[in-house]
Amino acid sequence: MSASTEGTPLIPPMRWLLYVAAFLVFLAGLVLFVFPLRSAEWFAWTVNPPMTAVFLGAAYWSAAGLEVTGARSASWESARLAVWPVFVFTTLTLGVTLLHLDRFHLSPENGALAQIATWAWLAIYAMVPVAMLVVSWMQIRSRRPAPTSVTAGRPVLPPALRLLMAGIAGVLLCYGVALLVIPAYAAKWWPWTLSELTARAVGAWMVGLGWSAAQGQSSADLRTVRPVALTSVAFVILQALALLRYGGALAWPSAPAIGFVTVLLAIGTAGGWAFALSRSPRAQAGNS
């Protein structure tokens, strides 16, 4: 019997939490990716330049895919690859928000829609990390004893793919932490101009994506890596569209711009490779 068949079923509260989170990040992505010039009126804080807005919007939309795929997973072993990156990202973003609260649209001068968006942002980022912890505790308590063949599972991805994903995770985590801790200095290595707030917002995404890649490379079941793979592919496609729209903001052909595109290509390669493996006959047979 396969590992995923023996795995812990996803409990309904976790499934619905992921669906709700997916809807919320879809809305954030809608404003930033489709209407990047209207963030001062429709978003919780003004995002400039537009390239930053579409970058963040692409990240939000790709995260929506991660959460929907996680919610549709049959087992916790697969869904957790969506849960923990979301928890890490939302917790970091809450910290960034509180640190730069003066930049958010809390004043009546910002207009009603911007104020509503701001209060919704604060409520969401205060509640989602707590909800993730509580529901994850419920999910873990529901875990049934697993046979030795499941608990002793080894990573099944090819060594070359695992190495590529580990490298991507290392780059994203290290640079993401640098953007969070020393944004003014780290932003000098970003291909377009970032403020301290936008640098830290991007840093939170880098850490969340890096965490996702780090988890995915150690998967013991080819099918459980699918949420990470789909998210990676979607992220790269959306970022490519963002570059087509506002790529002029990048300093071509500077080292940061080349590095940015190189990392995107690496993420796309790893995501496409992992997705192909997750759809292979071996995966469909449950890695038996």
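The values are calculated or read from the model by the stated rules, or taken from the named source; none is laboratory data. Computed from a prediction, not measured in an experiment: that's the story for all the values here. Cβ: placed from backbone, ideal geometry, glycine included. Neighbour counts: every protein chain shown. Keep in mind that these areas ignore ligands, DNA and RNA; they rest on the heavy atoms of the full protein, side chains included. Shrake-Rupley method; radii C 1.70, N 1.55, O 1.52, S 1.80 Å.
Checking the structure you have, find out if any residue of the stretch 2-22 is open to solvent by 60 Å² or more (accessible area, probe 1.4 Å) and without any contact (Cβ under 8 Å) to a residue 24 or more places away in the chain. Show your work before the answer.
Of all residues in the stretch 2-22, those open to solvent by 60 Å² or more (accessible area, probe 1.4 Å) come to 5, 9, 12, 15-16, 19-20.
Now drop any that are not without any contact (Cβ under 8 Å) to a residue 24 or more places away in the chain, which leaves 12, 20.
Yes: the stretch 2-22 contains one or more residues that are open to solvent by 60 Å² or more (accessible area, probe 1.4 Å) and without any contact (Cβ under 8 Å) to a residue 24 or more places away in the chain.
Looking only at the stretch 161-175, filter to residues that are open to solvent by 60 Å² or more (accessible area, probe 1.4 Å) and more than 18 Å from the chain's Cα centre (by Cα); which one of those is modelled with the lowest pLDDT? Among them, the one singled out is ARG162.
Within the stretch 181-198, the set of residues being crowded, with 19+ Cβ neighbours inside 10 Å and either among the aromatic types (Phe, Trp, Tyr) or at positive phi (or both) comprises TRP190, TRP192. Here THR90 clears all of (1) polar (S, T, N, Q); (2) surrounded by fewer than 18 Cβ atoms within 10 Å (Cβ to Cβ); (3) touching a Gly at 6+ places or on another chain (Cβ under 9 Å) except the condition numbered (2).
Picking from ALA213, ALA251, ALA178, ALA201, which residue would you name as being farther than 25 Å from GLY65 by Cα, open to solvent by less than 30 Å² (accessible area, probe 1.4 Å) and either in contact with a helix residue (DSSP H, G or I) (Cβ under 9 Å, 6 or more places away or on another chain) or in a helix (DSSP H, G or I) (or both)?
ALA178
One line per residue, one yes/no per condition, for (1) at pLDDT 95 or above; (2) more than 18 Å from the chain's Cα centre (by Cα):
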residue: ALA186; (1), (2): yes, yes
residue: THR193; (1), (2): no, yes
residue: GLU196; (1), (2): yes, yes
residue: VAL207; (1), (2): yes, no
residue: GLY210; (1), (2): no, no
residue: GLN217; (1), (2): no, no
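Suppose we keep only residues that are outside any helix (DSSP H, G or I) and open to solvent by 80 Å² or more (accessible area, probe 1.4 Å) within the stretch 129-153. Which one would you say is modelled with the highest pLDDT? Among them, the one singled out is ARG143. Taking the listed residues VAL233, VAL228, VAL156, the one that is closer than 21 Å to SER73 by Cβ, open to solvent by 10 Å² or more (accessible area, probe 1.4 Å), β-branched (Val, Ile, Thr) and touching a residue at least 60 places away in the same chain (Cβ under 8 Å) is VAL156, with no other qualifying.
Please specify each residue of the stretch 32-44 satisfying the condition of being in a helix (DSSP H, G or I) and touching a residue at least 40 places away in the same chain (Cβ under 8 Å). Answer for the stretch 32-44, where residues must be in a helix (DSSP H, G or I) and touching a residue at least 40 places away in the same chain (Cβ under 8 Å): PHE33, PRO36, ALA40, GLU41, TRP42.
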